1. Taking a label point 7 Å from the Cα of Val79 along the Cα→Cβ vector, which residues of segment 14-49 have an amide N closer than 12 Å to it?
2. What does the charge add up to near Glu56, with Lys and Arg as +1, Asp and Glu as -1, over the other residues with Cβ less than 15 Å from its Cβ?
3. Count the net charge of all other residues whose Cβ sits under 11 Å from the Cβ of Phe22, scoring Lys and Arg as +1 and Asp and Glu as -1.
4. Pull out the extension gain between Ala86 and Asp27, defined as 0.36 nm times the separation in residues minus the alpha carbon to alpha carbon distance; nm, one decimal.
5. Under the Kirkwood approximation for Rh and a Cα-based Rg, what ratio Rg/Rh is obtained for segment 7-78?
6. Could you give me the ³J(HN,Hα) list for segment 56-61, computed from phi with Karplus coefficients 6.51, -1.76, 1.60 and θ = phi - 60°, whole Hz, x at Gly and Pro?
7. Per residue of segment 39-49, in order, report the coupling 6.51 cos²θ - 1.76 cosθ + 1.60 (Karplus, θ = phi - 60°) as ³J(HN,Hα) in whole Hz, putting x for Gly and Pro.
8. Report the net charge of residues surrounding Tyr31, where surrounding means a beta-carbon distance below 15 angstrom and charges are Lys +1, Arg +1, Asp -1, Glu -1.
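Rule-based calculations on the coordinates, nothing more; no lab input. Quantities reported herein were computed from a predicted structural model and do not represent experimental measurements. Quick reminder, even Gly has a Cβ in these numbers, built from the backbone with ideal geometry, and neighbours come from all protein chains shown.
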Amino acid sequence: MQQRPRSGATAYSVTCFELPSFTAGRDAFDYELNRLLAEQPQAILFDGAEAAHLTETGRVLHQWAARTHSEQGKPLFAVGSSGLGAQLSLQFVSAVICSPKRGC
């Protein structure tokens, strides 16, 4: 999906991670996300409909941010509802508290 720029605006490459990808299982979810990331979009819209979809979105954004930061030294910018922020917080706490170094 390509967004058309407004007059004087810059065009961005935007793709959508759609609802069927959430319901196909974790392996299919990860495969589809990696396929979309290979296209190097500037933005990905996550179209989920349930709390479990938000949990998966938080999981992959946390992993993606960690990988992007470690490989490129760049942070990941995410925009979403308070639910997205809550899930990212849970993912962060889980990663810090239950890291392999701590034996979780």
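1. Zone members listed by number: 43-45.
2. Cβ neighbours under 15 Å give a net charge of -4.
3. -4
4. 18.9 nm
5. Here the Rg-to-Rh quotient is 0.99.
6. 5, 4, x, 4, 6, 5
7. 6, 6, x, 7, 8, 10, 8, 9, 9, x, 10
8. Its environment carries a net charge of -3.
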